[in-house]
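Undergrad: Got a structure for you, written out below as structure tokens; questions coming shortly.
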Amino acid sequence: MKKLEQLYEGKAKKVFATDDPEIVLVDYKDDATAGNGAKKGTIRGKGVINNRVTNSLMKMLETKGIPTHFVEEISERETLVKKVTIVPLEVIVRNVAAGSLAKRLGLPEGTKLKSTVLEYCYKDDALGDPMVNEYHIAAIEAATKAELDIIASYSFKINEILTAYLKDVNIELIDFKLEYGRLADGTIVLADEISPDTCRFWDSITHQHLDKDLFRRDLGGEEEAYQEVMKRLLGE
Ligand code: UDP
């Protein structure tokens, strides 16, 4: 497969065309941003870790019946994925109050939620990714009702699978963000990434943060924490 012209550069990844019109190449960067781009920096080794962690989790999810965009990891930082049009929603799944939810509802961070919370944000940097509900989503045609039903059902299932999987390596899955895409025939598949950039991972015993909050909150130790997540999931 040939790496052709760059199609897109995002905050954490670049996307290139390939000689197969149905496949694109994702190239993960070490660049880190927080607060909708307000804070910028680098987390050394992040691109390699997020590429490898995402691929290993997507492969595992595929074996459990979740369709994903994953095709093949071709280098430390590069992966071939099915070309999709991204559904312009960030789907957030929460098990424990943290971050913006803790603030919004006045719950101390770490409060276990009695049931899983699903939230949607409309992907628009200029608007700061505002939270929307299913009525907004239908009204602006971000997704159809049928698509949203599939997205919600996959998201709950992914939460169950990932929570159990991470528990075995002493990681508590606090919350995470998913993105979905449409294949040419309209099929919804899981896209984007599942990594310490997009999930809150806490050590099950010490409750130490093993994710991007270390960078967002200037706590330090993010490089080591990302390495630790890779070690626990991939054994290296
Ligand atoms: N998240 C993300 N990208 C975003 C916003 C949130 O990956 O643009 C993830 C974040 O890592 C966390 C979850 O979604 O695991 C919930 O984030 P929250 O709404 O609490 O926002 P934050 O406090 O991170 O700004």
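Undergrad: Can we say Leu101 is in contact with a Phe, Trp or Tyr (Cβ under 6 Å, 6 or more places away or on another chain), within 17 Å of Phe176 (Cβ to Cβ) and within 14 Å of the ligand (Cβ to nearest atom)?
TA: Working: in contact with a Phe, Trp or Tyr (Cβ under 6 Å, 6 or more places away or on another chain): no; within 17 Å of Phe176 (Cβ to Cβ): yes; within 14 Å of the ligand (Cβ to nearest atom): yes.
No, not satisfied.
Undergrad: Could you please let me know if Arg216 is within 13 Å of the ligand (Cβ to nearest atom), surrounded by fewer than 20 Cβ atoms within 10 Å (Cβ to Cβ) and of a type in the set (Lys, Arg)?
TA: Yes, satisfied.
Undergrad: Are any residues in the stretch 188-230 under 30 Å from Ile23 (Cβ atoms) and among the basic types (Lys, Arg), and if so, which ones?
TA: Within the stretch 188-230, just Lys212 meets the criteria.
Undergrad: Still on this structure: Looking at the stretch 41-54, is at least one residue assigned to a strand (DSSP E or B) and in contact with a Lys or Arg (Cβ under 9 Å, 6 or more places away or on another chain)?
TA: yes
Undergrad: I'd like the full set of residues that are assigned to a helix (DSSP H, G or I) and surrounded by 11 or more Cβ atoms within 10 Å (Cβ to Cβ), limited to the stretch 109-152.
TA: Going residue by residue through the stretch 109-152, those that are assigned to a helix (DSSP H, G or I) are 125-127, 134-139, 145-152.
Residues satisfying the conditions are Glu134, His136, Ile137, Ala138, Glu147, Leu148, Asp149, Ile150, Ile151, Ala152.
Undergrad: Picking from Phe215, Phe176, which residue would you name as being under 16 Å from Val96 (Cα atoms) and modelled with pLDDT of 95 or more? Let's see the steps before the verdict.
TA: On the way: Phe215 fails: under 16 Å from Val96 (Cα atoms).
Exactly one of Phe215, Phe176 is under 16 Å from Val96 (Cα atoms) and modelled with pLDDT of 95 or more, namely Phe176.
Undergrad: Also, quick follow-up: So which residues in the stretch 4-28 are surrounded by 14 or more Cβ atoms within 10 Å (Cβ to Cβ), more than 11 Å from Asp197 (Cβ to Cβ) and touching a residue at least 40 places away in the same chain (Cβ under 8 Å), if there are any at all?
TA: Across the stretch 4-28, the qualifying residues are Thr18, Ile23, Val24, Leu25, Val26, Asp27.
Undergrad: Let me ask something else. For the stretch 61-81, state whether one or more residues are within 14 Å of the ligand (Cβ to nearest atom), surrounded by 16 or more Cβ atoms within 10 Å (Cβ to Cβ) and in contact (Cβ under 8 Å) with a residue 60 or more places away in the chain. Give the derivation first.
TA: To start, the set of residues in the stretch 61-81 that are within 14 Å of the ligand (Cβ to nearest atom) comprises none.
There is no residue in the stretch 61-81 that is within 14 Å of the ligand (Cβ to nearest atom), surrounded by 16 or more Cβ atoms within 10 Å (Cβ to Cβ) and in contact (Cβ under 8 Å) with a residue 60 or more places away in the chain.
Undergrad: More than 18 Å from the chain's Cα centre (by Cα) and touching a residue at least 24 places away in the same chain (Cβ under 8 Å): is that true of Asn170 in this structure? Step through it out loud before you land on a result.
TA: Numbers: more than 18 Å from the chain's Cα centre (by Cα): yes; touching a residue at least 24 places away in the same chain (Cβ under 8 Å): yes.
When the stated conditions are applied, Asn170 passes them.
Undergrad: Is it the case, given these coordinates, that Val71 is outside any helix (DSSP H, G or I) and at pLDDT 95 or above?
TA: yes
Undergrad: Determine whether Val132 is in contact with a strand residue (DSSP E or B) (Cβ under 6 Å, 6 or more places away or on another chain) and farther than 26 Å from Asn50 by Cβ.
TA: On the way: in contact with a strand residue (DSSP E or B) (Cβ under 6 Å, 6 or more places away or on another chain): yes; farther than 26 Å from Asn50 by Cβ: yes.
Considered against the rule, which asks whether it is in contact with a strand residue (DSSP E or B) (Cβ under 6 Å, 6 or more places away or on another chain) and farther than 26 Å from Asn50 by Cβ, Val132 comes out as yes.
Undergrad: Is it the case that some residue within the stretch 186-205 is free of Cβ contacts under 8 Å to residues at least 60 places away in the same chain, β-branched (Val, Ile, Thr) and away from the ligand (no atom under 12 Å from the Cβ)?
TA: Within the stretch 186-205, one or more residues are free of Cβ contacts under 8 Å to residues at least 60 places away in the same chain, β-branched (Val, Ile, Thr) and away from the ligand (no atom under 12 Å from the Cβ).
Undergrad: Examine the stretch 122-140 for a residue that is of a type in the set (A, V, I, L, M, F, W, C), within 13 Å of the ligand (Cβ to nearest atom), closer than 16 Å to Thr198 by Cβ and in contact (Cβ under 8 Å) with a residue 12 or more places away in the chain, and state whether such a residue exists.
TA: No, the stretch 122-140 contains no residue that is of a type in the set (A, V, I, L, M, F, W, C), within 13 Å of the ligand (Cβ to nearest atom), closer than 16 Å to Thr198 by Cβ and in contact (Cβ under 8 Å) with a residue 12 or more places away in the chain.
The values are calculated or read from the model by the stated rules, or taken from the named source; none is laboratory data. What you see is a predicted model; the values in this text were computed from it and never measured. For neighbour counting, all protein chains shown are included, and Cβ atoms are generated from backbone atoms with ideal geometry for every residue, glycine included.
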